[in-house]
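K.L.:
Below is the structure I would like to discuss, written out as structure tokens.
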Amino acid sequence: MLMSRLSIMKQRTFVMMFIALFGMSDVRAQQKYDLLLKGGHVIDPRNKISAVRDVAIANGKVVAVAASINPGEAVKVVDASGYYVTPGLIDIHVHVFAGTGERGSYAGDNSVYPDGFTFRAGVTTVADAGCAGWRNFEDFKQRVIDRARTRVLAFINIVGNGMRGGTFEQDLTDMEAKPTADMALRYPGLIIGVKTAHYAGPEWAPVERAVEAGTAAKIPVMVDFGTNRPERPLAELVTRKLRPGDIYTHVYSGLRNEQLESGEVNPALWEARKRGVIFDVGHGGGSFLWRIAVPAMKAGFVPDSISTDLHIGSMNAGMKDMLNVMDKFLAMGMSLDDVILRSTWNPAREIKHEELGHLSPGAEADLVVLKLEKGNFGFVDMYGARLRGTQKLTCELTLRAGKVVYDLNGITRPDWDKLPRDYRQTGDTRWDAVTPARPARSPR
Ligand SMILES: [Zn+2]
């Protein structure tokens, strides 16, 4: 006992001498990790991990995922025990072209600014689903994409004017494959797909031109199939018109014969899935019904990707946010691992960003720490019908590029009464993007 106390004292003395000799910054330089999430249950479907693991981060990247990583090697250690640690969520259907001042338009007032809705729900990457076309994409880019802390990618609308509303979106003369593909090719990796949406007419032209643009730019097409028209049936769309890798969104809306009169899933959807057509949730304000989703899930027709269709009409309705949409799939019996797969790695692959959606060493450290609450919860569909559930995900902590951007309960923060009486900023720029302390200045 005495010996061990002595040796601890010796160690302390040594550390203090070390600090005195080399200075604090040099001691810190010994720490090879900026942030260590310790003891959380990691779900990383791409790497087939669902187990308690430590995750170490340095210089904005994941550097190690292992059963035990030495906390002494990290600047900041976060106790993640009791939580789930997953890749940052990827929501491939949102509307975020806000700020133009245009009323009644998704290239305006119907959109929301991404950062107000993403990090608090564990989302680190979104794809705008066609608010802008080739005529206004660059305005969207400078107005929102370039200024957001969220990673914002975009499907470009086949309509040159994008989702500016009624007359614009019905104008076949403004649906041109060439300028759409050219704009997509000008921003590879940023424009990740072509969108067609809201079309009410009987023609196939919007879909055909979107596919033509997608083929030229080598990117997928996402379809919101608009008004249901007998001249262009769903079966023909998904089994003939779309290519493998193209995305059918709003799959549980029931608005376009996704479900037959008998209550069965339209067999064309199964056939299309075999061909490689992708099925996405796109919940929105008017595209998700329990009476469609529950029987489809029971039949095994699960979504490839879970997405919100975030906009002003969905944000406070049944949709709410990404986690609430994920909760709905938990409530229908999908496992948490499966829900995470369809909110991270699957959408990353769909938009051809395979560097995202997983925690492989070297990957950008976009991560979320989730809590799975148990209790009595209710989940509401587009017609206001409720399904009850017993599980609810909440976002405790979100990291974007290795830095804390959202921390619900302050699990990365020190207790105020353990700090000096005149404490100021407590963070550190190496791991903190919320309240990072400024570098120490020399005294005036
Ligand atoms: Zn949408």
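K.L.:
Does the range 45-52 include one or more residues that are over 22 Å from the mean Cα position of the chain (by Cα) and not small (Gly, Ala, Ser)?
P.N.:
yes
K.L.:
Next question. Kindly indicate which of Phe155, Phe168 is part of a helix (DSSP H, G or I) and within 16 Å of the ligand (Cβ to nearest atom).
P.N.:
So the residue among Phe155, Phe168 that is part of a helix (DSSP H, G or I) and within 16 Å of the ligand (Cβ to nearest atom) is Phe168.
K.L.:
Give the number of residues within the range 355-407 that are without any contact (Cβ under 8 Å) to a residue 60 or more places away in the chain, outside any strand (DSSP E or B) and within 27 Å of Gly285 (Cβ to Cβ).
P.N.:
The number of residues fulfilling the criteria is 0.
K.L.:
Turning to a different aspect of this structure: Determine, yes or no, whether Lys241 is touching a residue at least 60 places away in the same chain (Cβ under 8 Å) and either touching a strand residue (DSSP E or B) at 6+ places or on another chain (Cβ under 8 Å) or not hydroxyl-bearing (Ser, Thr, Tyr) (or both). Show your work before the answer.
P.N.:
Numbers: touching a residue at least 60 places away in the same chain (Cβ under 8 Å): no; either touching a strand residue (DSSP E or B) at 6+ places or on another chain (Cβ under 8 Å) or not hydroxyl-bearing (Ser, Thr, Tyr) (or both): yes.
Here the answer is no, as Lys241 does not meet what is asked.
K.L.:
Being over 26 Å from the mean Cα position of the chain (by Cα), at negative phi, in the same structural domain as Ala154 (by TED's automatic domain parsing) and assigned to a loop (DSSP other than H, G, I, E, B) is true for just one of Ser262, Ser253. Which residue is that?
P.N.:
Criteria check complete, one pass: Ser262.
K.L.:
Sticking with this structure for a sec: Can you name the residue in the range 79-96 that is among the hydrophobic types (A, V, I, L, M, F, W, C) and assigned to a loop (DSSP other than H, G, I, E, B) and is also farthest from the ligand (Cβ to nearest atom) among such residues? Outline the logic, then answer.
P.N.:
The first filter runs over the range 79-96 and keeps only residues among the hydrophobic types (A, V, I, L, M, F, W, C), leaving 80, 85, 89-90, 92, 94, 96.
From what's left, assigned to a loop (DSSP other than H, G, I, E, B): 80, 96.
Working: Ala80: 34, Val96: 11 Å.
Among those that are among the hydrophobic types (A, V, I, L, M, F, W, C) and assigned to a loop (DSSP other than H, G, I, E, B), it is Ala80.
K.L.:
Checking Asp182 against (1) under 28 Å from Gly286 (Cα atoms); (2) in a helix (DSSP H, G or I); (3) of a type in the set (D, E, K, R): exactly one of these is not met. Which one?
P.N.:
Status for Asp182: all satisfied but (1).
K.L.:
Could you tell me whether the range 227-241 includes any residue that is touching a Lys or Arg at 6+ places or on another chain (Cβ under 8 Å) and within 16 Å of the ligand (Cβ to nearest atom)?
P.N.:
Looking for residues that are touching a Lys or Arg at 6+ places or on another chain (Cβ under 8 Å) and within 16 Å of the ligand (Cβ to nearest atom), one finds none in the range 227-241, hence no.
K.L.:
Also, I was wondering about something else. Restricting attention to the range 106-120, which residues are within 15 Å of the chain's Cα centre (by Cα), of a type in the set (A, V, I, L, M, F, W, C) and surrounded by 24 or more Cβ atoms within 10 Å (Cβ to Cβ)?
P.N.:
Scanning the range 106-120 gives a single hit, Phe119.
The values are calculated or read from the model by the stated rules, or taken from the named source; none is laboratory data. These figures come from a predicted structure and were not determined experimentally. Cβ coordinates were reconstructed from backbone atoms using ideal geometry, including for glycine residues, and neighbour counts include every protein chain displayed.
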